[in-house]
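To start, the structure itself, in structure tokens.
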Amino acid sequence: MISFQAIVALALLVGAVLAYPQKEVTVTRSEFENNGDNFNWVSELSDGNTHSQQGTLKQIGTEQGISLTGSYSYTSPEGQFIEVKYVADENGFQPIGDHIPKPEGGAALPVRSNAGGRGPARRF
């Protein structure tokens, strides 16, 4: 049998979920262009979030990979405008943004993944 406290807790939880403002977000712009060796993609949402990305095939030694550049932006829950610009290539994911902590002396370090030591997670 369900206790009185469980019913009250459930009612409070449901009330909190229903009271939380839900904002419907729609895609206001979405474009994609691919000419074989390069692509461009852009997406904008009704809440102001944006994301754009460009990719280019790149020869790296004997392998072919993709070099990406792009940016995305959004407003944080605290109301701060956040923008990240990035490059992702054979040197890793390299984000740049005012809100991203930087080591002493300068630029943010590239983020690299080696898929648990089993080789690259993605070929660039």
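Points worth noting:
- 20 Å cut-off, amide nitrogen to a point 7 angstrom out along Asn34 Cα→Cβ, residues in region 59-86: 59, 64-71
- Calculated FRET value between Glu63 and Val42, using beta carbons and R₀ = 25 Å, to 0.05: 0.30
A short reminder: the numbers here are calculations on the coordinates, not readings from a lab. The shown structure was predicted, so the numbers you read here are calculated from the model rather than taken from an experiment. As a convention, Cβ positions derive from the backbone with ideal geometry for all residues, glycine included, and neighbour counts pool all protein chains shown.
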